[in-house]
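Peer 1: Once you've had a glance at the structure underneath, I'll fire off some questions.
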Amino acid sequence: MGLRFDIVISGYIIILPFFIIFISSIFKSKSKIVIYITLSYLLFFFSLAFLVCAVDIPYFNQFFSRFSITAFEWIDSPIFVSKMIIEEPRYWLYIIPYLLIVFFFYLSIKKIFLYQIQEQNTNIVSNIILSIISILLIILGIRGRLDEKSPIKIGTAYFGNNAFLNQLGLNPNFTLIRSYLDSKDVSNQRINLLNDSIAIANMQQYLNIIKYDSINPLARHILNDSLNHKKYNVILVIMESMSASKLGRNGNTNNLTPFLDSISKKSYYFDNAYTAGIHTFN
């Protein structure tokens, strides 16, 4: 499955250079400028693809999700983000192998292109036949599947109930591009069911808010009447970034939540609630 998604990305990258080389072979051209431009194109885009794959490893470890446009939510503070990356020693474990991979990739394609210049098939018929076969294979690789209903999608990688294995076959470049395209889809944009000013005015009327300010239009000052106070025995606690793995009753030995643990033992506690994500954003 992973190979299929890798071929999709590779196909999109190589299809333009393929046409350039094909046209050059038809006209029996060995222009070093064309070869240099094609080589530079491949090196740039594959290096970029390799970079996304490298970044995807620590990103997945943190969010249990393949790389997507959510990684760029802090891009408005590039200096802050750059410092976070550079000052984290563990990230160099991914940067150094990445640089080595790019270097050896450059040596490999340079050797291929040198062969392209020196040894070129002069038989136009065989060139055309091989090129047609090649372009069909590239298009098939880009589509990712033979099924007529649709090209390959993120959901194609999901085959079971294990969230980790389902994501393992995905290519982070694919998920990044797909998430960007989905974000630009009009049907995925924010839905305004009602004008904000009308909605606020309605709520002020429903809640009998007479005096309000522009900053907090729904704020109310409620005075407690101790004589008519009702002592309810239900407490609802809502917490941001609180996960079950932090509770002692769920196996944590660091005693992080002694009070929540004691409350849970005297309360109704629901164990069977699950999410595939480990962060609130997913």
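Peer 1: Of all residues in the stretch 209-228 being under 38 Å from the mean Cα position of the chain (by Cα) and open to solvent by 100 Å² or more (accessible area, probe 1.4 Å), which is modelled with the highest pLDDT?
Peer 2: Restricting to residues being under 38 Å from the mean Cα position of the chain (by Cα) and open to solvent by 100 Å² or more (accessible area, probe 1.4 Å), the top hit is Ile215.
Peer 1: Same structure, new question: Taking the options Phe113, Phe64, Phe60, name whichever one is surrounded by 15 or more Cβ atoms within 10 Å (Cβ to Cβ), of a type outside the set (Val, Ile, Thr), in contact with a Lys or Arg (Cβ under 7 Å, 6 or more places away or on another chain) and in contact (Cβ under 8 Å) with a residue 24 or more places away in the chain. If you could, list the steps in order and put the result at the bottom.
Peer 2: Details: Phe113 fails: in contact with a Lys or Arg (Cβ under 7 Å, 6 or more places away or on another chain); Phe64 fails: in contact with a Lys or Arg (Cβ under 7 Å, 6 or more places away or on another chain).
Sole residue among the options that is surrounded by 15 or more Cβ atoms within 10 Å (Cβ to Cβ), of a type outside the set (Val, Ile, Thr), in contact with a Lys or Arg (Cβ under 7 Å, 6 or more places away or on another chain) and in contact (Cβ under 8 Å) with a residue 24 or more places away in the chain: Phe60.
Peer 1: From (1) closer than 24 Å to Ala163 by Cα; (2) open to solvent by less than 100 Å² (accessible area, probe 1.4 Å), pick out the condition that doesn't hold for Tyr274.
Peer 2: Unmet condition: (2).
Peer 1: Okay, next question. Here are the criteria: (1) among the small types (Gly, Ala, Ser); (2) within 30 Å of Asn162 (Cα to Cα); (3) at pLDDT 85 or above; (4) in a loop (DSSP other than H, G, I, E, B). Tell me which single one Ser183 does not satisfy.
Peer 2: For Ser183, the failing item is (4).
Peer 1: Taking the stretch 251-268, which residues are within 25 Å of Asn233 (Cα to Cα) and either β-branched (Val, Ile, Thr) or loosely packed, with under 14 Cβ neighbours inside 10 Å (or both)?
Peer 2: Step one: filter the stretch 251-268 for residues within 25 Å of Asn233 (Cα to Cα), giving 257-268.
Within the stretch 251-268, Thr257, Pro258, Phe259, Ser262, Ile263, Lys265, Lys266, Ser267, Tyr268 meet the criteria.
Matching residues to (1) over 30 Å from Ala71 (Cα atoms); (2) modelled with pLDDT under 85; (3) not polar (S, T, N, Q):
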site: Ile200; (1), (2), (3): yes, no, yes
site: Tyr232; (1), (2), (3): yes, yes, yes
site: Phe259; (1), (2), (3): yes, no, yes
site: Ser262; (1), (2), (3): yes, no, no
site: Phe281; (1), (2), (3): no, yes, yes
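Peer 1: Moving on to the next point. Which one is farthest from Leu130 (Cα to Cα) among residues in the stretch 1-16 that are surrounded by fewer than 16 Cβ atoms within 10 Å (Cβ to Cβ) and without any contact (Cβ under 8 Å) to a residue 40 or more places away in the chain?
Peer 2: Selected residue: Leu3.
Peer 1: Would you mind finding the one in Gln167, Gln205 that is in a helix (DSSP H, G or I) and closer than 23 Å to Gly11 by Cα?
Peer 2: On the way: Gln205 fails: closer than 23 Å to Gly11 by Cα.
Result: Gln167 is the single residue among Gln167, Gln205 that is in a helix (DSSP H, G or I) and closer than 23 Å to Gly11 by Cα.
Peer 1: Checking the conditions here, which among Ser241, Ser245 is among the hydroxyl-bearing types (Ser, Thr, Tyr), at pLDDT below 80 and closer than 30 Å to Tyr274 by Cβ?
Peer 2: Details: Ser245 fails: at pLDDT below 80.
Testing whether each residue is among the hydroxyl-bearing types (Ser, Thr, Tyr), at pLDDT below 80 and closer than 30 Å to Tyr274 by Cβ leaves just Ser241.
Peer 1: Does the stretch 237-245 include one or more residues that are loosely packed, with under 12 Cβ neighbours inside 10 Å, under 28 Å from Arg66 (Cβ atoms), free of Cβ contacts under 8 Å to residues at least 12 places away in the same chain and within 34 Å of the chain's Cα centre (by Cα)?
Peer 2: yes
Peer 1: Identify all residues within the stretch 63-118 that are modelled with pLDDT of 90 or more, out of contact with any helix residue (DSSP H, G or I) (no Cβ under 7 Å at 6 or more places or on another chain) and over 30 Å from Leu165 (Cα atoms); write none if there are none.
Peer 2: Within the stretch 63-118, Phe103, Leu107, Ser108 qualify.
Peer 1: Would you mind telling me which numbered condition in (1) within 24 Å of Phe46 (Cα to Cα); (2) out of contact with any helix residue (DSSP H, G or I) (no Cβ under 9 Å at 6 or more places or on another chain); (3) not β-branched (Val, Ile, Thr) Ala201 fails?
Peer 2: (1)
Peer 1: Now, a different point. Mind checking whether some residue in the stretch 200-207 is of a type outside the set (Val, Ile, Thr) and open to solvent by 80 Å² or more (accessible area, probe 1.4 Å)?
Peer 2: Applying the first criterion (of a type outside the set (Val, Ile, Thr)) to the stretch 200-207 yields 201-207.
Okay, now just the ones that are also open to solvent by 80 Å² or more (accessible area, probe 1.4 Å), so 205-206.
Scanning the stretch 200-207, I find at least one residue that is of a type outside the set (Val, Ile, Thr) and open to solvent by 80 Å² or more (accessible area, probe 1.4 Å), so the answer is yes.
The values are calculated or read from the model by the stated rules, or taken from the named source; none is laboratory data. Just so you know, these numbers come straight off a predicted model, no measurement behind them. So basically every Cβ, Gly included, is an ideal-geometry build from the backbone, and we count neighbours across all protein chains shown. Protein only, heavy atoms only, side chains kept; ligands, DNA and RNA dropped before computing areas. Shrake-Rupley method; radii C 1.70, N 1.55, O 1.52, S 1.80 Å.
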